[in-house]
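Data block below; observations after.
The values are calculated or read from the model by the stated rules, or taken from the named source; none is laboratory data. Keep in mind it's a predicted model, so treat the numbers as computed, not measured. Cβ atoms come from the backbone with ideal geometry, glycine included; neighbour counts cover every protein chain shown. Calculation scope for accessible area: heavy atoms of the full protein, side chains included, ligands and nucleic acids excluded. Shrake-Rupley method; radii C 1.70, N 1.55, O 1.52, S 1.80 Å.
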Amino acid sequence: MTFQRARTEEQREIRRRAILDMASAMLDEMPVAAVTLNELSRRVGLAKPNVLRYFESREAVLLELLDHFLQEWLTELAGELAAGIDENLPMAERAAAVAEILSRSLSGRVVLCDLFGAQGSVLEHNVSVEVVARYKRASLDRLTTMTALIQKYLPELGENATLFSLQTMVMAGALSAYSTPPPSLQAAYQAEPDLARFHLELKDYLKLALTATLLGVLPRR
């Protein structure tokens with residue numbers, strides 16, 4: 001696609017949206033680490049300096065996408081929890097259901113998990129104080145939303161629901177790196193099957209990790 005010079009606020013918003021949509025499409029094809037500003041500029045049909053008029057860096061684009069994907073996930077998660085959990089069940093059964101639903105839901109969102117994994121080490125670098133502060137303020141809102149969802153089905157967690165929510169996102173990002181090995185590592189696993197124990201299925205291992213975390217923070221009776 002090609003663009004004429006944006007002269008109105010509406011036209012500038014169209015450019016911003018096009019950049020975000022193209023970055024999102026690229027993430028469907030490649031991991032976060034492979035998304036470059038040069039390739040994004042080429043695909044969206046804007047010179048690199050023009051892309052930088054709308055986003056100060058590649059990381060700024062990806063942070064905005066991360067927040068968007070997180071909002072989408074939390075909206076869907078609310079329905080998944082409502083459909084899958086009987087609030088009258090004993091605490092242990094509700095905890096197991098929460099771990100199952102979270103792991104299944106997140107494992108179906110590979111891009112979101114990849115962005116979680118890159119957030120602290122990559123995406124929050126090479127951005128201005130203004131951009132990262134705006135992102136963190138939005139993140140606090142998302143964390144509040146997730147905490148309320150978890151507390152609805154596990155009120156026994158109390159204030160620990162916030163810690164559990166944060167740990168869920170961190171673990172999803174960390175484990176996702178082990179569930180999608182690069183081609184060279186896949187070849188190594190095929191050549192030496194014993195090495196494949198390092199290849200973790202995201203859903204299974206995330207469920208184990210979330211269950212263990214819940215067992216650690218839920219009150220013992």
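Give the shape of the chain as rounded, prolate or oblate, defined through the alpha-carbon gyration tensor: a ≥ b ≥ c are the square roots of its eigenvalues, a/c under 1.5 means rounded, and otherwise the shape is prolate if a/b is larger than b/c and oblate if not. Don't jump to the answer; show the numbers that get you there.
Details: a/c = 2.52, a/b = 1.49, b/c = 1.69.
The shape class here is oblate.
Quick one, could you list the DSSP H helices from the chain stretching 30 Å or more along their long axis (Cα atoms) with average Kyte-Doolittle hydropathy of -0.5 or above?
The answer, listed by residue number, is 58-84, 129-153.
Give the carbon-plus-sulfur fraction of the accessible surface of the range 1-55 in %, rounded to a whole number; probe 1.4 Å, heavy atoms of protein chains only.
Solvent-exposed carbon and sulfur of the range 1-55 make up 49 percent of the total.
Filter the GluC sites (Glu not before Pro) in the range 1-104 to those in DSSP coil with at most 15 other Cβ atoms within 10 Å of their Cβ, and list the result. Can you show the working numbers first?
Values: sites: Glu9, Glu10, Glu13, Glu29, Glu39, Glu56, Glu59, Glu64, Glu72, Glu76, Glu80, Glu87, Glu93, Glu100; in loops: Glu29, Glu56, Glu87.
Counting only loop positions with at most 15 other Cβ atoms within 10 Å, the GluC sites (Glu not before Pro) in the range 1-104 are Glu29, Glu56, Glu87.
Between the range 47-104 and the range 168-221, what's the alpha-carbon centroid distance in Å?
After rounding, the separation between the Cα centres reads 19 Å.
Please state the relative contact order of the chain as a whole percent: Cα pairs under 8 Å, 6+ residues apart? Numbers along the way, then the final one.
Values: 194 pairs, mean separation 46.2, N = 221.
Normalised by residue count, the contact order of the chain is 21 percent.
In the range 57-217, carbon and sulfur make up what percent of the accessible area (probe 1.4 Å)?
Working: 4680 of 8110 Å².
Carbon with sulfur: 58 percent of the solvent-accessible area.
Given a 1.4 angstrom probe, what's the average accessible area per residue across the chain, in square angstrom? It would help to have the intermediate numbers written out before the result.
Values: 12110 Å² over 221 residues.
About 55 Å² of surface per residue is accessible.
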